[in-house]
Each structure stands twice: as structure tokens, then as C-alpha cells.
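The values are calculated or read from the model by the stated rules, or taken from the named source; none is laboratory data. Only a predicted model underlies this, so the values are computations on that prediction, with no experimental measurement involved. No Cβ is skipped: glycine too gets one built from the backbone with ideal geometry, and neighbour counts run over all protein chains shown. To get the accessible areas, we keep the full protein, side chains included, count just its heavy atoms, and leave off ligands, DNA and RNA. Shrake-Rupley method; radii C 1.70, N 1.55, O 1.52, S 1.80 Å.
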Amino acid sequence: MHKKQSIHGAWANRWIFILAATGSAVGLGNIWKFPYIAGENGGGAFVLVYLFCILLVGVPIMMAEVLVGRRGRQSPINSMRETAYEAGHHGRWASVGWMGALAGFFIFSFYSVVAGWVLYYIAGMGSGQFIDIGSEQAGQIFNNLLADAETLLIWHTLFVVMVMVVIAGGVNKGLERATRVLMPLLFVLLFVLLVYSANSGYFAEGWDFLFHFEPEALSWNAVLVALGHAFFTLSLGMGSIMAYGSYMGKRDSIGGTVLTIAALDTLVALIAGLAIFPIVFANQLDPGAGPGLMFITLPVAFSQMAGGQVFGFLFFLMVGFAAWTSAISLMEPGAAWLVETLGLSRVRASILLGFIVWALGLLALGSFNVTADWLVFGMTAFDFLDFLTANIMLPLGGFFVALFVGWYLTREMTEDELALRWPLAYEAWRFTIRYIAPSAVAVIFALNLYQKLAA
Ligand code: PHE
């Protein structure tokens, strides 16, 4: 039962695992989504709830996912089944893995569209398209891009291909190599940008917006968004972290590793917020501008600041790297399953998956132009896919992982696999995964439903 290694390979060492998982976690969620949903949901109040969700729900569930992956040493679908068998339970737990793989496709489809915008902006910054523009022009450039289905298609396709190439290379020659190159670059770029933003003048206003707590600004819906985002930003509830965990060294400590990943992820989100909001306030722009926040406000700011073109280029380059390493992890659970269960080669698996997510992406892409009036529950396909995954499928996936690991795996299994140094740490984790994490998800779901029904 205790396989030494996955057939797909293993990370070279503990730090590679940390960097790869951080690469999965740090993505558009941190740099594009977090600032704009924080802006829409009242800033500090939202941020506080989000931090609680990361600590009380995200971290314990991430430990649970890594544990299952490393114990099962296979794709999430098969690892769920294997560990359920090991604990003497039914193989239908694999369905949690299935739901995750589906969520991965859905996320990829809109993720890739946004990543396509990023690629367009890298090219635009590089070619000087954004020199000397005001907020009106910046808005126009963004809206013209959204309306231009063909251009979007080109960039979306390019992004899917970039991910396919890495997936086709496999764990060591693909995922690990990308991690080694992209992650250090990402951190360097982030640091450069933080220094730049700290000198932008309005740093204090940005800080205040993110950390000033006003309870009145909070609604139950905002709490659901915060919970959903905690799952999204940590890549939980759909198998990415579980798949990466299955390539982890047997003796590396799960607790410390997971805390490092969660801390890095949170840090990047907060830094992104601290880089973006000062610029928003410096230009009297609206923090609640929605998904366009990063794509409209930042180019304006960059166009007016000394060296802005270079920094703008570097900024979007960094976002592109972050999106790339995350999208790879969205595809890995499915790829591993295809290789294990259907015996496909990595290349074939990546072609098949690439095609599926590319096609699904067309729906998300059309939401801004040709199919803008196809609404599901009053939402465009883009908004619906985002809502369905982040606010429903991921929390639900995480909920079931918590139930599974907390109540169905044996105590010996989890204690042995986590091998936490302090007995108290194990008890605290076990209590959280059995009671706190699942009930937090359940309560937030129930209150939202109640509110929607009452309204
Ligand atoms: N965590 C990534 C981000 O914040 C998105 C993601 C979600 C990646 C789920 C993998 C799985 O951008």
C-alpha cells in the first residue's frame, strides 16, 4: 500500500515541492482577483474574513489534501479511492476526485481567457501601446479587447498551448523545470514592484483600505466570497494540491511545508493589493471597479510614472508567469489520471485535455462579445463558471476532503502520514479538520442559501 513513489515521478527535494505548490497557489487569484473582490466587498472587513478562512479552513484542508496525495501516490481520483480502500471504506470516494477534475476544467476555461488578456498586455506594454494614456483611454483599450473575439481567441489559444507543452513534459522535465525557472523570477519581479509601489505616494491609503476593518461593510455574501476565494487561491478543493502532494518526498514534513505555501500565497495577495490600491487612489479610480481593476487602473498609473512602461511590462510578465504555473496545476490531476488509468502518454493526455479546456474556454471568451447574451441564472458563462467553481464546487470539494480525512481515514493513517513533531499540533489539526473546517463551510453555505431564499 505505501508506495515509495508515483509512476509520474517525484520532486527533486522539499523546496521544489514548496515552490511548485506555491506556483499553483499564486496566480491570477492573488494578483487579479483578490484585489478586485476585496475592492467590491468593502476592503478590510473582507480581508479579515479571508485571512480567517485561510488559517482555519484552508491550511488544515491543504494538509489533508497533501496527505491523501502522498499516501495514495496517484492522481487525485485514484488516490481518493486507494486511501478509502486502505481505511476499509468504499471506493466511491473517488467521486470527490471526479468533481475536482471537472472543477479544474471549468476553472481553466475562464482562467485561460484572463491569462490571454495578460499576454495581450505584456505585448502591449512591450510595444508602447500604453504610453501616455488616461483612464478613459485605458478603459477603451480594455473594452475593445473584450469586444474583439478574434484577438482574444489568439491569446487564449497561445496560453492553452503554453500549458500543454509543460504538461506534456511530465513531472520532472515539465512541471519541475517550469517551477525552477519561473518561480524565482516571479519573486524578484514582485519585490521590484513592491518597492515601486511603496514609492508611489498613496501607500498609506492603500494600506488603510486593505486593513481597516469596518464590520458594516460585511454581508453574508461577502463571507461566502471570502471562503470561496480562500479555496481558489490555495488551489484547494479540486485536486491540484493533492496531485502535487503525490510527488512529494516521503519524509518531508507536511505541516511546515503547507504553512510555508499558505504564508507565501497570502503574502503575495497582500502585496498585490498593496501594489494596486495605492495606484488606484493616486489616480482617483474606483476600488470597486470589478474584473477590469488590474487591466484598467494599472496601465493608467504606469503610463504616468517614471519608468512606467518598463515596470508595466515587468508587472504583466510577472502576472503571466503566475498564471502559467497555476494553470499547469489545473491540468495535472486530469493528465495524471489519463496516464494512469487509460495508459495515455503524457503528450496525448496533454493534447486531449488541452483541446477540452480550449473548447470550454470559447464559452468564457464569448461572454464578452458574441455570446454575451447567453445567460445562466442571469450570469454570463464567464461569471457563471467563476461563481460555480469558486463559490460552490471548491468549498464543496474541500468539505468532502475534510470529512473524508477527518472521519473516514483511520487515526493511524493520518498520524503516520503527517508525522507532526508535537502531539498537540496533531490534535489541533484533527479537531479543526473534523469539526471546524466542515462546519464553517456548512454554516456559510446555509446562511447564504437562507439569505437568498429570504430575499
Ligand atoms: N490558485 C490559483 C490562483 O490563485 C488558481 C487555481 C485554483 C489553481 C485551483 C489551481 C487550482 O490563481
Accessible area of the chain belonging to carbon and sulfur atoms, whole % at 1.4 Å probe: 67 percent
Reach of LYS173 by Cα under 15 Å, taken over aspartates and glutamates that are not fewer than 8 positions away in the same chain: GLU332
Heavy-atom accessible area ranking, 1.4 Å probe, most first, across MET331, MET379: MET379, MET331
Surface accessible to a 1.4 Å probe, ASP252 within the full protein complex, Å²: 40 Å²
Debye-sum result for the chain in log10 I(q)/I(0), which assumes one identical scatterer on each alpha carbon, at q = 0.13 Å⁻¹: -1.17
Residue-span extension gain [VAL165 to ASP286] - 0.36 nm each, minus C-alpha spacing: 39.7 nm
Dipole moment magnitude, nearest 20 debye, the range 14-454 about Cα centre, only Lys, Arg, Asp, Glu C-beta charged: 1420 debye
Karplus (6.51, -1.76, 1.60) ³J(HN,Hα), θ = phi - 60°, over the range 284-290, in Hz, Gly and Pro reported as x: 6, 9, 8, x, x, 6, x
The chain: angle of helix 437-454 to the longest principal axis, Cα-based, in degrees nearest 10: 50 degrees
In degrees, nearest ten, helix 44-53 long axis to first principal axis of the chain (Cα): 20 degrees
Heavy-atom SASA rank of ARG81, ARG73 (probe 1.4 Å, accessible area, largest first): ARG81, ARG73
Solvent exposure ordering (accessible area, 1.4 Å, most first) of ILE167, ILE7, ILE351: ILE7, ILE351, ILE167
Computed accessible area, GLU214, all protein chains, 1.4 angstrom probe, square angstrom: 80 Å²
Karplus 3J(HN,Hα) series, Hz, for the range 362-373 with 6.51 cos²θ - 1.76 cosθ + 1.60 (x for Gly, Pro): 4, 5, 5, 5, x, 4, 9, 8, 4, 10, 4, 9
Rounded if a/c under 1.5, otherwise prolate or oblate - the range 338-455, Cα gyration tensor axes: oblate
Residue-averaged [θ]222 nm for the chain, counting only DSSP H segments that reach four residues, each worth -39500 (n - 2.57): -23000 deg cm²/dmol
In Å², nearest 10: area of LEU152 left accessible to a 1.4 Å probe: 10 Å²
